[in-house]
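Have a look at the structure below, then the notes.
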Amino acid sequence: MTKKVVQRAKAKMTKKSYKRKISDRSTSKQMRYSALEGRSDLLTTGPNEMLQILDPSGRIIGKDPEIRTEVLLGAYRNMVLTRIFDEKLISLQRQGRMGTYVSCSGQEASQIGAVLALSKDKDWIFPMYRDMGMIIQAGVSIKQLANRMIGNAEDEALGRDLPNLFAWKSKKIVSFAAPIASHLPLATGFAMAARLRKDNLVTISTFGDGATSSGEFHVAMNFAGVYKAPSIFICENNQYAISVPVRQQTASESIAVKAHAYGFDGIKVDGNDIFAVYTAVRWAAEKARTGDGPTLIECVTYRLGAHSTADDWKKYRSTDEVETWRRKDPIPRLKEYLIRNREAWSEDKDAKLRAEIEAEIGQTISSSEKIPPPDPMTMFDDVYSSRSKNLEEQSKELKSQES
Ligand SMILES: Cc1ncc(C[n+]2csc(CCOP(=O)(O)OP(=O)(O)O)c2C)c(N)n1
Ligand SMILES: [Mg+2]
């Protein structure tokens, strides 16, 4: 083809025809993967398309994933526990009883629904700082979390991490570092290694809408696409990166659509609908285990509180906007479904559960606060496999000051 012909062809490729190409591509994939779960309706990425199964009033409007009632009640309990614990931790910080805290209220369905879809004994989680719901659903107890938040001697990280930098190797949760998105290439590398080793696992990594503007996001997506890594990228699009709204973050029609540029599927789901999140992650995990590579899932959600205890949301959001999102809260809609569709729940049971959780959290925090801080000498442990000369000298110096 001559240069002129190529130029003419490019000029002809209007936005409309480009869109048609994308949807043709999706259609062929839909057929390929319908064998997995028969969910050809999943591949939605446009600004007005979004997978939703449970509407804000708790009505089923899509294909019910039919999760066992007992499992669903466990997930619901974890959603309520996450919300109440989150509120309690904010108040502890306000009273000067713990350090800066990043709240997760409003994002429980995205976090708990994603972990619910994983295989606990195989899959690895690369969470972000806002993911306490994921950590709870992965099986970390509130006692372990309270010790971590306070940073006492029984904290498994011995007080060395900031409260929200979760890491629990025993639960396959990999540590997070404060520079946004720096964990994403690690998650891709981990998944690439798993593929080479033929380990039957997938990784999920979570990040915010703001993180999609970082170089690391693109590096992670590109490598995952080229090497067909069994990675699931979950963007918790909570509409803001601190005070920056998502419309100022990207000119793309959605975040999910970015996956097409890297040669894999993007799915946009209602992130306040636990069934939509669960369905998309299950689908992506089965696809990844089959060797068919990564998926980007955009969970459309909202952070109901401030960015962190160092932020004031009233400076950049209206009360009306927050109230609109409160009506889409993920917790009441699952409660309604459990009451109406499963006949497995009631207002009385709900009140009892909340009272039980409040009491459990109160007792846990007061016993964690009684535990002394870690011995300062422990700061020299676990840093290197063998201590360097400098560290040895510093530890001797500290010891001599202590005695
Ligand atoms: C590389 C880098 N730049 C800036 C920051 C400061 N920072 C911390 S959180 C945050 C907002 C991130 O927003 P988003 O990715 O949407 O996640 P969210 O907090 O909304 O869950 C920023 C800019 C940082 N930690 N790292
Ligand atoms: Mg955000």
Which of 213, 182, 105 fluctuates most in a GNM of the chain (C-alpha springs under 10 Å)? That residue is 213
Across region 171-306, qualifying lysine pairs (alpha carbons under 27 Å, at least 8 places apart or different chains) come out at 15
Expressed in Å to one decimal, the Kirkwood Rh of region 62-116 from all distinct alpha-carbon pairs is 12.7
So for R0 = 30 Å, FRET eff. of residue 323-residue 370 from the Cβ-Cβ r, to 0.05, ends up at 0.15
To the nearest 0.05, the calculated FRET efficiency linking residue 63 and residue 386 through their beta-carbon distance, R0 being 41 Å, is 0.15
Note on region 29-380, DSSP bridge orientation, antiparallel percent to nearest 5 equals 15
Region 69-147 and region 204-252 have their Cα centres apart by a whole-number Å value of 21
With -39,500 (n - 2.57) per DSSP H segment of 4 or more residues and division by the full residue count of the chain, the 222 nm estimate, nearest 500 deg cm²/dmol, is -14500 deg cm²/dmol
The chain -> Rg/Rh from Cα coords, Kirkwood Rh, value 1.01
Ranked by GNM mean-square fluctuation in the chain (Cα springs under 10 Å), the top entry among 188, 45, 319 is 319
Scoring region 29-380 by relative contact order with C-alpha pairs under 8 Å, at least six apart, yields a percentage of 25
Comparing 311, 265, 329 in a Gaussian network model of the chain (Cα, 10 Å), the one with the largest mean-square fluctuation is 311
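Any read-out appearing in this document is the output of simple, stated calculations on the displayed coordinates, not a laboratory observation. Bear in mind that the values here come from a model prediction, so they are computed numbers and not experimental data. So basically every Cβ, Gly included, is an ideal-geometry build from the backbone, and we count neighbours across all protein chains shown.
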